[in-house]
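Please read the structure below before turning to the comments.
The values are calculated or read from the model by the stated rules, or taken from the named source; none is laboratory data. Source: prediction; values computed, not measured. All Cβ positions, glycine included, derive from the backbone under ideal geometry; neighbour counts span all protein chains shown.
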Amino acid sequence: MLAISQAISREFAPRFTGRDAAVLKPMAFSVRELLAISQEISREFSPRPVEHRSSLVLLPIDPRRLHAYWHLNESSFSTGLNTDAKPVADEQQSAAAEQLTLRVFKQFPQAIETINLAEPPSWIDIPVDSGQCRQEVILPAESAFAGGTYRAEIGVSHGKHDFTALAVSNAAVLPSPQLQRGGGLSDIIAQFSVPISPASSPIGKAASHPEIRGSQ
Amino acid sequence: MNKGYLSIVLHAHLPYVHHPEYDSFFEESWLFEAVTECYLPLITMMDKLLEEGVDYRLTLSLSPTLLTMWRDPLLQSRYLHHLQRQLALADEEIVRTRHQPEYQKLAEMYQQFFRGALCSYRDHYQCDLAAAFLKHQQAGKLELITTAATHGFLPLLNTSETVVRNQIKVGLAAFEGCFGYRPGGFWLPECGYYPGLEKILAEAGIEYFFVDSHGIMAADQSPNNGVYAPLNCGNGVAAFGRDPASSNQVWSAQEGYPGDADYREYYSDIGFDLELDYIAPYILDGKTRINTGIKYHRVTGNDLPKAIYDPDRALAKARLHAEDFIRQRQSQIAALSTEMDRPPIIVAPYDAELFGHWWFEGPHWLESVLRLASEASNGIQTISCGDYLDLHLPLQTATPSASSWGEQGYSSYWLNDSTDWIYPLIHKAGAELEKLVCDLQGLKVSNLQQRALNQAVRSLLLAQASDWPFIIKSGTTVEYAKKRITDHLARFNYLHDAIRKNRIDERYLTALEVMDDIFPDVDFRGYCPEREESGR
């Protein structure tokens, strides 16, 4: 009976209904040749984050945090510096006057000329070192900065209201920080629906990746 | 009469690990362990339920990388070799434990287990696991769905819609190439969602996806039914939310079933426990200790002597835990039914590899859950989310909140101090590919150029896998994960450079096609946004 069962399974097991299974390309290489090619390419073409033009990218981390990374090429950086400015005797004062700055906007960048100076700014300025190329942005606790869409500019700040943007980011959407536990929900539905913890426990996440425990 | 629905969703995924450039490669054992301990036991369970006519519905998400590895002849032959070695070790163990009857009984259990796996894999299913699952889909028991091509974490690839679209479209095409149809459901890698993703899913013909509980609870409109009814994202695509309670009962390190003292201990493996001289032929290079799959102990406290595993006791506990799980769903459904205008649906998604691999008794627990749920008197009906949508109940329109099911609930597990170097590199490569493809639009492309372009897409997709930052953050096989990212990007750079300079070396290209032998039907033209616009 076992032999019959196995024969039927062999002959009549369901097959892929779509295209034929991928046909292995003829192995015209020895293992050593493949390895040599792989190593040569890895050595000669290793990735480098070099860009020809200035760029700024904004990524969402969580309701209160963004990650920004950027590349500024030499020419745009010198363009941003106010080379016509009068010489300042105090070098420290000069450095403070021209500070590389990451400006993060809620929603969309506001044109400088439309800013009402009487209102509190709708952006935050983060001074960054010119040697830096990435920055984690922790948003202020005020509700005005809760969730929503953000953009950023990186540029040179020449003083309180003078900012020259060198690169503008993409839009990054942050989730709302508050769970809407109440609004319209019955107590019973809310009680069951509210996450016990906001995410998988460590054991849960580890389970999808055998390698996590494989080395123990 | 059923008062509520239970939708159990298993997501099966492993990163693409395929190294023909080595005679053997340790990380390929991730797949081999999962086949023996998880995928084959799940198939055996389904075969049994089908044979006995048990009425159930289960959803299984199969990642394109996993499907590719299942079908790869090199990995199939290496798996058979791995299994033969496990059998040989079990044979040796039966001899070694001849004066320890309790251990010998377990060694015999493993011998039987590996023999069963070999028989099922090689003889019964002809090394074709996808066909084994397809049989259950065709029998109406299983709803098969898939995920993004290489399990890219989409919220962090979203600097380009083309990149996200390509992950989704290539994933669906790989599934279709394997099974002959397009799935209605889509597993977002790590449940990573951002508002707007539903638009790309709709374009790809997807009807539903899953988010974690807080994705629903923090939606832009308060969800009237909490996570117990899907939301219509506004374009007809439905979002189902994970049920916190049923997740916690299985996932939680503290309260979860798998931590019960009667279950088998994953960490106590003879690869680490026995004398090096004895175990050397079965470990890495004869000197680096690794898991062998033979484990003799049950879950025991950290500082206590390990207690021996009792399979009968463990299986009895799995049944008890299944009863408890069903009981808790019943009380949940009873309470929810009084407040809802429709039967609640409890969505319980888990990583498939938990079942059998980490939680050895997991497949038995699942089998018992499905059997119990099939009894009409229990008031629970197992259902797939596709079936639920076919009931045509009106859905509340709201957009879920950006979320993931990772630690902290958002993107921080994939974007942090240890992984932030990855994103400038993969974003840059994505932009370069997009520009290259756009530049070639309207130009005649030779067969060799087409092959190089398609291989460049494969290299980039493989670099985008969420697994690499996950491993780096978790601190396990960090160097391997970093190397995979930089190697795939180097391969991309090489191809990009060769195409731009029109100096494609066919021999090198073929070598890359052999090493990264995935997505045979990929079409580089999908990387051009203009084409996508005109195609809609």
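Listed by first and then second residue, the pairs with beta-carbon distance under 7 Å, at least 6 apart or on different chains, first residue in the stretch B:64-83 and closer than 14 Å to B:A34 by Cβ and within 11 Å of chain A (Cβ to nearest Cβ), second among the acidic types (D, E) and assigned to a helix (DSSP H, G or I), are B:L75/B:E28. Evaluation of B:F355 against the conditions (1) more than 11 Å from every other protein chain (Cβ to nearest Cβ); (2) surrounded by 24 or more Cβ atoms within 10 Å (Cβ to Cβ) shows that the sole unmet condition is (1).
For the stretch B:164-186, give me each residue that is of a type outside the set (A, V, I, L, M, F, W, C) and in a helix (DSSP H, G or I).
Step one: of the stretch B:164-186, the residues of a type outside the set (A, V, I, L, M, F, W, C) are B:165-167, B:169, B:171, B:176-177, B:180-185.
Result: B:R165, B:N166, B:Q167, B:K169, B:G171, B:E176, B:G177.
When you check B:E323 against the structure, is it assigned to a helix (DSSP H, G or I), under 29 Å from B:P230 (Cβ atoms), of a type outside the set (K, R) and away from chain A (no Cβ under 11 Å), yes or no? Please lay out each step first, then the result.
Details: assigned to a helix (DSSP H, G or I): yes; under 29 Å from B:P230 (Cβ atoms): yes; of a type outside the set (K, R): yes; away from chain A (no Cβ under 11 Å): yes.
Criteria met by B:E323.
All conditions in (1) of a type outside the set (V, I, T); (2) within 14 Å of chain A (Cβ to nearest Cβ); (3) free of Cβ contacts under 8 Å to residues at least 40 places away in the same chain; (4) buried (at least 18 other Cβ atoms within 10 Å of the Cβ) hold for B:Q332, with the sole exception of (3).
Hey, can you tell me all the residues within the stretch B:496-506 that are more than 8 Å from chain A (Cβ to nearest Cβ) and over 18 Å from B:H427 (Cβ atoms)? It would help to see each step written out before you state the result.
Here is the first cut: in the stretch B:496-506, the residues more than 8 Å from chain A (Cβ to nearest Cβ) are B:496, B:498-506.
Those that are more than 8 Å from chain A (Cβ to nearest Cβ) and over 18 Å from B:H427 (Cβ atoms): B:A498, B:I499, B:R500, B:K501, B:N502, B:R503, B:I504, B:D505, B:E506.
Just one of the listed residues (B:E93, B:E21) is surrounded by 20 or more Cβ atoms within 10 Å (Cβ to Cβ) and not in a loop (DSSP other than H, G, I, E, B), and it is B:E93.
Go over the candidates B:G192, B:G215 one by one and state the one that is more than 10 Å from chain A (Cβ to nearest Cβ) and touching a residue at least 60 places away in the same chain (Cβ under 8 Å). Working first, answer last.
Values: B:G215 fails: more than 10 Å from chain A (Cβ to nearest Cβ).
Every option except B:G192 fails the conditions.
Against the list (1) under 25 Å from B:D497 (Cβ atoms); (2) facing chain B (nearest Cβ under 7 Å); (3) modelled with pLDDT of 90 or more, the condition A:E51 fails is (3). So if I check each of B:S418, B:S368, B:S377, which one is surrounded by fewer than 18 Cβ atoms within 10 Å (Cβ to Cβ), out of contact with any strand residue (DSSP E or B) (no Cβ under 8 Å at 6 or more places or on another chain) and assigned by TED's automatic domain parsing to the domain that holds B:I294? Answer to the selection: B:S377.
Going by the conditions given, is B:L172 within 13 Å of another protein chain (Cβ to nearest Cβ), closer than 16 Å to B:P520 by Cβ and within 17 Å of the chain's Cα centre (by Cα)? Spelling it out, B:L172 is indeed within 13 Å of another protein chain (Cβ to nearest Cβ), closer than 16 Å to B:P520 by Cβ and within 17 Å of the chain's Cα centre (by Cα).
Might you check whether a residue that is within 12 Å of chain A (Cβ to nearest Cβ), farther than 24 Å from B:H11 by Cβ and surrounded by 21 or more Cβ atoms within 10 Å (Cβ to Cβ) occurs anywhere in the stretch B:280-292? Yes; the residues of the stretch B:280-292 include at least one that is within 12 Å of chain A (Cβ to nearest Cβ), farther than 24 Å from B:H11 by Cβ and surrounded by 21 or more Cβ atoms within 10 Å (Cβ to Cβ). Residues to consider are B:Q249, B:Q221, B:Q332; find the one that is in a helix (DSSP H, G or I) and over 26 Å from the mean Cα position of the chain (by Cα). The match here is B:Q332.
Scanning the stretch B:388-438 for residues that are among the charged types (D, E, K, R) and either at pLDDT below 95 or within 30 Å of B:A481 (Cα to Cα) (or both) gives B:E407, B:D417, B:D420, B:K428, B:E432, B:E434, B:K435. Just one of the listed residues (B:K435, B:K482, B:K473, B:K444) is surrounded by fewer than 24 Cβ atoms within 10 Å (Cβ to Cβ), under 21 Å from B:N166 (Cβ atoms) and outside the structural domain of B:P64 (by TED's automatic domain parsing), and it is B:K435. Note on the stretch B:384-485: enclosed helices (runs of 4 or more DSSP H) holding 1 or more residues that are at the interface with chain A (Cβ under 8 Å from one of its Cβ atoms) are B:422-440, B:467-474.
All conditions but one from (1) among the small types (G, A, S); (2) in contact with a helix residue (DSSP H, G or I) (Cβ under 6 Å, 6 or more places away or on another chain); (3) away from chain A (no Cβ under 11 Å) apply to B:G116; the one that does not is (2).
Of the numbered criteria (1) of a type in the set (A, V, I, L, M); (2) more than 23 Å from B:I206 (Cα to Cα); (3) touching a helix residue (DSSP H, G or I) at 6+ places or on another chain (Cβ under 8 Å), the one B:I345 fails is (2).
Filtered by the rule that a residue be more than 20 Å from the chain's Cα centre (by Cα) and hydroxyl-bearing (S, T, Y), the stretch B:252-269 gives B:Y257, B:Y263, B:Y267, B:S268. Taking the conditions (1) surrounded by fewer than 18 Cβ atoms within 10 Å (Cβ to Cβ); (2) not in a helix (DSSP H, G or I) in turn, B:E102 satisfies each one other than (2).
Within the stretch A:152-176, residues that are over 30 Å from B:T399 (Cα atoms) have Cβ atoms under 7 Å from residues that are in a loop (DSSP other than H, G, I, E, B) and charged (D, E, K, R) in these pairs: A:V156/A:E98; A:H158/A:E98, counting only partners at least 6 apart in sequence or on another chain. In the set (1) assigned to a helix (DSSP H, G or I); (2) modelled with pLDDT under 95; (3) not charged (D, E, K, R), the condition left unmet by B:M340 is number (1).
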